[in-house]
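The values are calculated or read from the model by the stated rules, or taken from the named source; none is laboratory data. In this text the structure is predicted, and so the values were computed from the model without any measurement. FYI the Cβ positions are ideal-geometry reconstructions off the backbone, even for glycines, and counts take in every protein chain you see.
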Amino acid sequence: MKNEVMKKCDLLGENVISYRKGFWAEHPLIKTITALSYTESGKSVDVQLVKECKKKLKKRQNIMSYFRGNNELIAATGMALSDNPDQYLEDIIAVYGKLQSGKFFGSSYRALSAMVIADAKRVADADAIIEKTNVLMKGMKSKHPFLTTDEDTCLAVILAMADKSADAILEELESTYTSIKGKLLFHDNAAYSLAQVLTAFEGDSDKKCEKTLELLNAFKAARATYGKEYELASLGLLTNISMNTDDIVSEVVEAAEYLKKKKGFGFWSVTKQTRLMIAATLVYESYAGDDAAVNAAVVGGTLAKVIAEEIMLMVIVASSAAASSSSSH
C-alpha cells in the first residue's frame, strides 16, 4: 500500500475518533463523512471550531431548515474548513435559496448541493451553474423519470460545473448508462449514478466504461466484491487513476483491511461495502493528483467528497425509513 494512502487511513482514523468524542449524538456515518472532509483537506479535526460553527448555524437556521438534521454537522464542518465560516454560511444559505426557487418542497440534497458549489469555490457562478443543473435534471427526468430524483441533484451540480454543454453531457450520460446497465442487472439506479460520475471525468466514454467493468471483475476476483447499491457510484473515481486495474484493486483492498483495524471501521461500525468505498475514496485522493484527466471543474476533491456525502446520506435516510416502517407494524 502506498505510504500516502496509509497516512490518509491513519488521519481518517484519528479524525473519526475526534468526531465521536466531540459529537456523540450524531449518526456514526455522519461523523465518518465529516472526518473524511477533514482528511481530504490533510487536516486534523478542530473540534472546538466545528462546535462554534455549529452554534452559528443553529442561530441562523431553525430546526426545520434542511441545513439542520443530517446536514448540520456536514455544514458546520464546511464552515470550519473554509477561510471564512460566516461568509460560507451566508453563501450556502443564498445558494440554497436559488436552488429552491420555483420548488414547493425543500430538500436535504439541494442543501448539500449548495455546499457542493461553495466547496468548489464557485459561488460567484451559482446562477449559471443552477440554470445548467435544472436543464440537466429536466433532461435526465425526461429520459428516466423513475430513476431521476432529488438524490441526483448533487451529481447534476458537479456535471453542470463541467466545461461541456448540457446537451453534450446528457448525450454522454445516456451513452454511458446504456453501456454499463446490462452488466449491472437489477441495479439500474446505482448504475445511473455511476454513469453520472463517469461523465464528470474527461476521456473517451467507451474506455471509461470498459475500465469500470474491469474494476468490478477485478474486485470480484480478489474476493472483495464492490457494493452494487449506493456504493457503486464511488467506483467511478477509480477509473480516473492511470494504473493497472489489478494494482488499483490491490491498493483499495489493502486500505480497506488496514481501516478495518481502526476504531469506527470494524464489523459493528460499517459494512464491508461502505469500508471498501471509503478506501476507494482515499486511494483516489492519493493518486488522482498524478493524473490530468479530471475535469477542471472537479477541484479540491469535490467529486470524491460529494459522492461520499451523498451515498452516506442516502444510506442514513433509507435506514431511518426502514426503521420507521418496522416500528409501525
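Of all residues in the stretch 71-125, those that are aromatic (Phe, Trp, Tyr) and either part of a helix (DSSP H, G or I) or within 27 Å of Val16 (Cβ to Cβ) (or both) total 3.
Just name the residue that is modelled with the lowest pLDDT out of those in the stretch 301-324 that are among the polar types (S, T, N, Q) and either closer than 15 Å to Leu73 by Cα or surrounded by fewer than 21 Cβ atoms within 10 Å (Cβ to Cβ) (or both). My answer is Ser324.
Taking the listed residues Lys43, Lys31, Lys56, Lys21, the one that is within 21 Å of the chain's Cα centre (by Cα) and not in a loop (DSSP other than H, G, I, E, B) is Lys31, with no other qualifying. For the stretch 80-95, the candidate set comprises residues that are of a type outside the set (D, E, K, R) and within 15 Å of Ser113 (Cα to Cα); within that set, the residue that is surrounded by the most Cβ atoms within 10 Å (Cβ to Cβ) is Ile92. Filtering Glu52, Glu72 for residues that are out of contact with any Gly (no Cβ under 7 Å at 6 or more places or on another chain), more than 21 Å from Ser113 (Cβ to Cβ) and of a type in the set (Asp, Glu) leaves a single hit, Glu52. Within the stretch 155-169, residues that are surrounded by fewer than 22 Cβ atoms within 10 Å (Cβ to Cβ) sit with their Cβ atoms under 7 Å from residues that are part of a helix (DSSP H, G or I) and at pLDDT 95 or above, at 6+ positions apart or across chains, in these pairs: Ala162/Ile169; Ala166/Lys132; Ala166/Val135; Ala166/Leu136; Ala166/Gly139.
Residues are listed down the side, and each one gets a yes or a no for (1) farther than 27 Å from Cys154 by Cα; (2) assigned to a loop (DSSP other than H, G, I, E, B):
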residue: Glu210; (1), (2): no, no
residue: Glu214; (1), (2): no, no
residue: Ala218; (1), (2): yes, no
residue: Leu232; (1), (2): no, no
residue: Met243; (1), (2): yes, yes
residue: Asp247; (1), (2): yes, no
residue: Ser250; (1), (2): yes, no
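If you go through the stretch 225-236 one residue at a time, how many are touching an Asp or Glu at 6+ places or on another chain (Cβ under 9 Å) and modelled with pLDDT of 90 or more? Of the residues in the stretch 225-236, 1 are touching an Asp or Glu at 6+ places or on another chain (Cβ under 9 Å) and modelled with pLDDT of 90 or more. The condition of being in contact (Cβ under 8 Å) with a residue 60 or more places away in the chain, surrounded by 15 or more Cβ atoms within 10 Å (Cβ to Cβ), charged (D, E, K, R) and under 16 Å from Ala279 (Cβ atoms) holds for only one of Glu202, Glu254, that being Glu254.
If you check Thr176, Thr153 for being of a type in the set (S, T, N, Q) and under 27 Å from Ile248 (Cα atoms), only one passes: Thr176. The sole residue among Glu214, Glu251, Glu229, Glu202 that is acidic (Asp, Glu) and closer than 22 Å to Glu309 by Cβ is Glu229.
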